[in-house]
Amino acid sequence: MTMQRTFSIIKPDATRRNLTGAINSKIEASGLRIIAQKRIHMSDREAREFYAVHADRPFYNDLVSFMTSGPVVVQVLEGQNAIAAYREVMGSTNPSDAADGTIRKEFAEGIEANSVHGSDSIENAAIEIAYFFTNEEIVG
Ligand code: GDP
């Protein structure tokens with residue numbers, strides 16, 4: 001078991017439906033701690049850079065439009081094996097494949113508007129956290 005930090009986004013479909021607290025309840029119930037948090041409206045440039053890995057996918061422009069369509073809540077989560085643990089709490093990308101009790105199963109509207117983001121590796125967690133937070137904003 002390793003103490004890790006991961007990066008989380010509560011996406012615009014969830015903030016629009018007032019689900020920030022419900023989602024964070026599931027995160028905290030899993031044992032993960034929210035050690036940094038802010039509500040922002042992502043710029044087009046931020047969304048494009050954040051999802052640059054998907055730039056060649058057919059859904060890239062739609063995804064950028066969706067992520068800039070309303071406020072998001074960006075967070076840093078900390079806990080034992082936080083990266084895998086949070087992916088488990090989130091559930092599969094497509095909510096119809098997500099396990100019962102996961103955030104995406106319970107709240108996602110579809111494969112794109114799937115309520116949450118979570119880092120998929122130690123390397124990406126570090127890059128994503130640094131993209132949105134300074135060290136002073138992270139209070140463990
Ligand atoms: P994640 O790590 O589970 O978020 O999944 P990915 O890294 O594969 O995809 C990033 C995000 O792109 C997903 O969370 C969805 O919001 C969106 N996405 C993924 N696959 C599709 C797709 O086939 N169609 C559309 N419209 N959006 C997708």
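Odds and ends about this structure:
- Hey, GLY31 surrounded by fewer than 19 Cβ atoms within 10 Å (Cβ to Cβ), in contact (Cβ under 8 Å) with a residue 40 or more places away in the chain and away from the ligand (no atom under 11 Å from the Cβ) or not: yes
- Some residue of the stretch 123-137 being of a type in the set (A, V, I, L, M) and near the ligand (Cβ under 8 Å from one of its atoms): no
Quick grid of which residues meet (1) closer than 21 Å to SER43 by Cβ; (2) charged (D, E, K, R); (3) surrounded by 12 or more Cβ atoms within 10 Å (Cβ to Cβ):
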site	(1), (2), (3)
GLU88	no, yes, yes
ARG104	no, yes, yes
VAL116	yes, no, yes
ILE127	yes, no, yes
THR134	yes, no, no
ILE138	no, no, yes
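- Among residues of the stretch 109-125 that are within 17 Å of ILE10 (Cβ to Cβ) and of a type outside the set (A, V, I, L, M, F, W, C), those with a beta-carbon under 6 Å from a residue that is near the ligand (Cβ under 8 Å from one of its atoms) and assigned to a loop (DSSP other than H, G, I, E, B) at least six positions away or on a different chain give the pairs SER115/LYS11.
- Hits in the stretch 64-105 - residues which are within 15 Å of the ligand (Cβ to nearest atom) and acidic (Asp, Glu): GLU88, ASP97
Only the coordinates and a few stated rules stand behind these numbers; no lab work does. Just so it is clear, the structure is predicted and the values come from calculations on it, not from any experiment. Note that each Cβ is placed from the backbone with ideal geometry, even for glycine, and that neighbours are counted across all protein chains shown.
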